[in-house]
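The values are calculated or read from the model by the stated rules, or taken from the named source; none is laboratory data. These figures come from a predicted structure and were not determined experimentally. Note that each Cβ is placed from the backbone with ideal geometry, even for glycine, and that neighbours are counted across all protein chains shown.
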Amino acid sequence: MGLAQSEEAKEQVETVFRMLDMERTGSMSAKDLAAVAPADLKSVIDEVAKDEKVNLNELKEAMMKKDDVTKEHLMIVSAKLRIQGCKPLLKPEEVKLARTLADHGQAHLFKSWDENNAKEGKPKTLMVSLLNYHGKYPGGLTEYIKKAKVLLESSRSGKNPFEGYKPEVPHGQQLNYTDKNFDEFEIKGINELKSAGFVLVAGGLGERLGYGGIKVALPLEITTMTCYLKFYIDNILAFQALANKDVTDTKHKVKLPFAIMTSGDTHEPTVKLLEDNGYFGMPKDQITLMQQDKVPALSNNDAAFAVKKGDPFALQTKPHGHGDVHLLMHSHGLAKKWAKSGVKWISFFQDTNGLVFNALPACMGVSVALDLEVNSLSVPRKPGEAVGAICKLVPEKTSKNELTINVEYNQLDALLKTTPVKGDAADTKTGLSPYPGNINVLVFKAEPYAKNLDKSNGIVPEFVNPKYSDKEKKIFKKPTRLECMMQDYPRLCEAKAKIGFTSMERWACFSAVKNNTTDAKAKASKTGFGESGCTGEGDLYRANRKKLAAIGVSVDGDGKKENILGIPCWQGARVCLSPSFASTMQQLKSRFPTPDKVKISATSTLVLDGDVTIKNLELDGALIVVAQPGAQVVVDETKVANKGHGWTMVKGDDKEVDEMFRIRGYTLDVKEEAKHVCDKPGKWVIKDGKATLESS
């Protein structure tokens, strides 16, 4: 609709032309006018320009006659005039960006750029923020806006991202943790540890858990109070020790690089946690912290940036998603640096999955055996379970490439309805879905990863997920933003790339900790998995019991489920095996040379840390054995019996109890224990309740 057909537009025309005629001469330099006009108005200016001057009344009349001149054009002119008025406050690059944004649908950002706000420096505040986001997003904010408009239109029109594809079961390897095939792949992976790098995606606070701190500072279990970050570093250092086991020349010993993605909320607390604890024994230069930034929020289908309520100079921003880990690996130069330094495999994992390192060596072994460029660690999935699935998507037309990627559960059933079984159905033999469940643990080949990030500037394909308040999908309930997911990286790979999965039992490799006690109770009733503080701890003890049972130790592997604050949790012997004791199943077997001579009761606690060999043990109570560096300890006990450890139950809302215990529903009750700390180098024997240094 042209300007002449709207009274509101006519008023806006008068306002804009009063602003243009600041000198009250009725005319303006064509050059100055072109500087504030949108590109598609310049032809109108050229029509009325004479001797490089434009009569403003003639220009007004010409614009009113044009059907294709709109209010949006006037907003741009008005915005650029306001920008011009604030030019003395701004750096040249800020002025340039402001004008560019006005041309790209963001003229509303400059409505409040008047004399009073200019005196207070508010336009400068906004431009500093915008310039920051402009510099950090590949291609700048104009590229962000262009992508957003395309994706918002696809969302509004209901376009199916998987249209033209049919799903097939992907290429991969099923592993059972206690079978021979697991051993074969783990041994292959152990041989690759010297060429491994690790990336922790740790952007979250524990708010959903009912915990105010960063999640990586939470104790994995309260028997030893080892926090997640320490546990992860201990595992990497244990893998490093395995990789260097037969290397005698210090120059040839490897350091396995570790990168951590943080957010604005978690960066400083993560730095403090590391510094306060001496980086948990890892050299500082071995760790790279990469802070994720946010992106501008979008208020409508035109990708207009949202500002905070009551402050037009403060942008609303939102997280861009954990796919930013790839952007940061690229922008920090790590992907390329690691690949050049000899890293062949890069493993990505999440912040509160204490079981993941059980699986990573075998997962690397599968990558080697199947020559996989991308390998997704996954778990068996029940049909209808609210978890994404790894699918091979085959194009119906040859113009597209095959994709092996995660499909989110809310899109999965519709996609699987195109298959012969007509939906998310169980395999007749296993009762499980043939499409394994995604847990966001990934192993990539480093060299092609670095090359693919170079091509995309670190950006993985984005999506947008606005919540609409109207049937026409024109109004958002709240601002949205572009997002990206780390598991969408395979979309960047070349057609020839081999992409697959490794599937392992859930008990061995996945137990997330993310829900508060109320939500966990509800989730457990629906899915069987509470994913809370008590389930994460219980699952860790259970996994360690099952590992011991698998090698022949007499212990009830599963234990039994008991409700804690209404949440079903596995209970049994509390077994803590530090990474320095055994970081792989092969190493665990070597620590128990005579497993048939080891028996652990269901109420016992066993903590093993360092170079410890269990030759003979009957445990009914609590036993803690710590071998400090240089100490080699053999446990040769006929029987250890004491009152052991127990739980003291607490209420989830008891404010006198620390949050880290409230989110579990209990604290530790140390009734009685046998504890041996072997702190001198040499060979120790623990027998008859005493630790003796036999030789040094």
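Residues that are within 21 Å of residue 356 (Cα to Cα), free of Cβ contacts under 8 Å to residues at least 60 places away in the same chain, outside any loop (DSSP other than H, G, I, E, B) and not basic (Lys, Arg) within region 537-579 comprise 538, 544, 548, 549, 569, 570, 571, 575, 577, listed in sequence order.
Residues are listed down the side, and each one gets a yes or a no for (1) touching a strand residue (DSSP E or B) at 6+ places or on another chain (Cβ under 6 Å); (2) assigned to a loop (DSSP other than H, G, I, E, B); (3) without any contact (Cβ under 8 Å) to a residue 40 or more places away in the chain; (4) β-branched (Val, Ile, Thr):
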{"site": "312", "(1), (2), (3), (4)": "no, no, no, no"}
{"site": "337", "(1), (2), (3), (4)": "no, no, yes, no"}
{"site": "347", "(1), (2), (3), (4)": "yes, no, no, no"}
{"site": "366", "(1), (2), (3), (4)": "yes, no, no, yes"}
{"site": "369", "(1), (2), (3), (4)": "no, no, no, no"}
{"site": "372", "(1), (2), (3), (4)": "yes, yes, no, no"}
{"site": "376", "(1), (2), (3), (4)": "yes, no, no, no"}
{"site": "387", "(1), (2), (3), (4)": "yes, yes, no, yes"}
{"site": "390", "(1), (2), (3), (4)": "yes, no, no, yes"}
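The C-beta contact set for region 241-252 (first residue surrounded by 10 or more Cβ atoms within 10 Å (Cβ to Cβ), second residue assigned to a helix (DSSP H, G or I) and modelled with pLDDT of 90 or more, distance under 6 angstrom, 6+ apart or interchain) comprises 242/193; 243/193; 243/194. Do we find that residue 184 is farther than 17 Å from residue 314 by Cα and within 32 Å of the chain's Cα centre (by Cα) in this structure? Criteria met by residue 184.
Scanning region 481-525 for residues that are part of a loop (DSSP other than H, G, I, E, B), within 22 Å of the chain's Cα centre (by Cα) and of a type in the set (Gly, Ala, Ser) gives a single hit, 511.
The lone criterion from (1) closer than 30 Å to residue 332 by Cβ; (2) without any contact (Cβ under 8 Å) to a residue 12 or more places away in the chain left unmet by residue 157 is number (1). Within region 318-335, being buried (at least 18 other Cβ atoms within 10 Å of the Cβ) and either in a loop (DSSP other than H, G, I, E, B) or more than 18 Å from the chain's Cα centre (by Cα) (or both) holds for 320, 321, 322, 323.
Among the residues here, residue 150 qualifies as surrounded by fewer than 18 Cβ atoms within 10 Å (Cβ to Cβ) and either closer than 20 Å to residue 348 by Cβ or not assigned by TED's automatic domain parsing to the domain that holds residue 365 (or both).
Under the condition of being over 30 Å from residue 99 (Cα atoms) and not in a helix (DSSP H, G or I), the residues counted in region 137-186 number 22. Of all residues in region 651-696, how many are surrounded by 15 or more Cβ atoms within 10 Å (Cβ to Cβ) and within 36 Å of the chain's Cα centre (by Cα)? The qualifying residues number 12.
Can you tell me which residue is surrounded by the fewest Cβ atoms within 10 Å (Cβ to Cβ) among those in region 255-287 that are more than 16 Å from the chain's Cα centre (by Cα) and not in a helix (DSSP H, G or I)? Checking each candidate, the answer is 283. The listed residues are 108, 171, and the only one of them that is at negative phi and not assigned by TED's automatic domain parsing to the domain that holds residue 85 turns out to be 171. Scanning region 649-672 for residues that are in a loop (DSSP other than H, G, I, E, B) and touching a Gly at 6+ places or on another chain (Cβ under 7 Å) gives 650, 652, 663, 664, 665, 671, 672. Flag not set for residue 421, criterion: touching a residue at least 40 places away in the same chain (Cβ under 8 Å) and either in a loop (DSSP other than H, G, I, E, B) or within 21 Å of the chain's Cα centre (by Cα) (or both). Among the residues that make up region 590-610, is at least one of them out of contact with any Leu (no Cβ under 9 Å at 6 or more places or on another chain), assigned to a strand (DSSP E or B) and without any contact (Cβ under 8 Å) to a residue 40 or more places away in the chain? Taking every residue of region 590-610 in turn, none turns out to be out of contact with any Leu (no Cβ under 9 Å at 6 or more places or on another chain), assigned to a strand (DSSP E or B) and without any contact (Cβ under 8 Å) to a residue 40 or more places away in the chain.
Here region 447-480 is the region considered, the condition is being buried (at least 22 other Cβ atoms within 10 Å of the Cβ) and under 29 Å from residue 381 (Cα atoms), and the residue that is farthest from the chain's Cα centre (by Cα) is 449. Within region 387-400, the set of residues being surrounded by 13 or more Cβ atoms within 10 Å (Cβ to Cβ) and at pLDDT below 80 comprises 400 only. Identification of helices (runs of 4 or more DSSP H) wholly contained in region 1-109 with 2 or more residues that are among the acidic types (Asp, Glu) and modelled with pLDDT under 75 yields 7-20.
Return yes when residue 238 is part of a helix (DSSP H, G or I), more than 19 Å from the chain's Cα centre (by Cα) and surrounded by 15 or more Cβ atoms within 10 Å (Cβ to Cβ) and no when it is not. Considered against the rule, which asks whether it is part of a helix (DSSP H, G or I), more than 19 Å from the chain's Cα centre (by Cα) and surrounded by 15 or more Cβ atoms within 10 Å (Cβ to Cβ), residue 238 comes out as yes. Quick check on residue 200: is it in the same structural domain as residue 404 (by TED's automatic domain parsing) and in a helix (DSSP H, G or I)? Considered against the rule, which asks whether it is in the same structural domain as residue 404 (by TED's automatic domain parsing) and in a helix (DSSP H, G or I), residue 200 comes out as no.
Would you be able to say whether some residue in region 325-333 is in contact with a strand residue (DSSP E or B) (Cβ under 6 Å, 6 or more places away or on another chain) and closer than 28 Å to residue 506 by Cβ? Checking region 325-333: at least one residue is in contact with a strand residue (DSSP E or B) (Cβ under 6 Å, 6 or more places away or on another chain) and closer than 28 Å to residue 506 by Cβ.
Say whether the condition of being closer than 20 Å to residue 610 by Cβ, of a type in the set (D, E, K, R) and over 29 Å from the mean Cα position of the chain (by Cα) is met by at least one residue in region 540-562. No: zero hits.
When the test is whether a residue is of a type in the set (S, T, N, Q), over 17 Å from residue 232 (Cα atoms) and out of contact with any Lys or Arg (no Cβ under 8 Å at 6 or more places or on another chain), residue 316 does not pass it. Close contacts from region 89-109, counting a first residue that is polar (S, T, N, Q) and a second that is surrounded by 21 or more Cβ atoms within 10 Å (Cβ to Cβ) and at pLDDT below 95, with Cβ to Cβ under 9 Å and a gap of 6+ residues or different chains, come to 106/79. With respect to (1) surrounded by 16 or more Cβ atoms within 10 Å (Cβ to Cβ); (2) not in a loop (DSSP other than H, G, I, E, B), the lone exception for residue 582 is condition (2).
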